[in-house]
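Written below as structure tokens is the structure these notes are about.
Rule-based calculations on the coordinates, nothing more; no lab input. If you're wondering where the values come from, they're calculated on a predicted model, not measured in any experiment. Glycine gets a Cβ as well: all are built from the backbone with ideal geometry, and neighbour counts include every protein chain shown.
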Amino acid sequence: METVTAILVDDEQDALAILEEKITSLFPNIQILDKVQTTRDAYVQILSKQPDLVFMDISMPGESGLELLNNAALEKVYLKFEHNRIQNLLRNLSLPISQNHNIAISMKEGAHFVRVGDIVRCEGWAGYTKVVCANGKTLISSQNIGEFKSMLEKYNFYEVHKSHLINVKLIEFVGRNGEEIRLYDGTTIPISRRIRTNLLEVISKRII
């Protein structure tokens, strides 16, 4: 099978590591030439190494991924493997990451490590975040709800309100027309009309 060269671009180190793991496990014919965390480094590496494929986070500090590709004069990406394998790659990369991973939750007294799948919901509260776990334990984190959103969205968590982030896998009940949901900890959360359709679509595609 012909080798395809690639460069990975993301400002988050953890995201780069996860992406590399998925690509190497699913597509051994893809050779990763480099992993970079800034658009400046990406620009240099793309021009010098001329990869066949670039995996890039669109939202990057400063210059966006799309702006970078435009400035680097990359008119086409030539892929050297079968079309159906491309589709499989994109589908697998879009799947939520396993909830068996542990994350560190910053607290006043230090860091508390929790398995992602044990988190039922996060609730923003006076600049802090309440992290409610399936065992009934509630952790008060010094991180704000926005930080938890960035950290947990890839694990199949969904923001149903500006101060509420829920684990889609732990939804127990969805009310008629999606007006409210009940989670496994017994919490009932009303869902705004603005996000109702998107949430129902996410729920319908969730992986059990």
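Taking GluC sites (Glu not before Pro) across region 99-208, the ones in a DSSP loop with at most 12 further Cβ atoms lying within 10 angstrom of their Cβ are Glu109, Glu179.
Each other residue within a Cβ distance under 15 Å of Ser141 adds +1 if Lys or Arg and -1 if Asp or Glu, for a net charge of +1.
Using θ = phi - 60° in the Karplus curve 6.51 cos²θ - 1.76 cosθ + 1.60, the 3J(HN,Hα) couplings for region 162-168 round to 4, 10, 10, 10, 10, 7, 4 Hz; x is entered for Gly and Pro.
Between Gly146, Gly175, Gly186, the Cα set farthest toward the positive side of the dipole of region 139-193 (charges on each charged residue's Cβ, about the Cα centre) is that of Gly175. Across region 183-189, rounded Karplus estimates of 3J(HN,Hα) from the backbone phi angles (6.51 cos²θ - 1.76 cosθ + 1.60, θ = phi - 60°) give 9, 5, 8, x, 6, 9, 10 Hz, Gly and Pro being marked x.
Could you please report the charge total around Val132, scoring K, R as +1 and D, E as -1 over all other residues with beta-carbon less than 9 angstrom from its beta-carbon? Numbers along the way, then the final one.
Values: positive: Arg121, Lys130, Lys137; negative: Glu123, Asp185.
Overall, the nearby charge balance is +1.
Close amide H partners of Glu180, meaning residues 5 or more places away or on another chain with modelled amide H under 5 Å apart, are Gly175, Ile191.
The amide H of Ile105, built 1.01 Å from its N in the peptide plane, has His112, Phe113, Val114 as neighbours under 5 Å, considering only residues 5 or more places off or on other chains. Computed from backbone phi, the HN-Hα couplings of region 124-136 come to x, 7, 6, x, 10, 9, 8, 10, 9, 9, 5, 7, x Hz, rounded to whole numbers (Karplus: 6.51 cos²θ - 1.76 cosθ + 1.60, θ = phi - 60°; Gly and Pro given as x). Residues whose amide H lies under 5 Å from that of Thr5, counting only those 5 or more places away or on a different chain, are Gln31, Asp52, Leu53; hydrogens are built 1.01 Å from N in the peptide plane.
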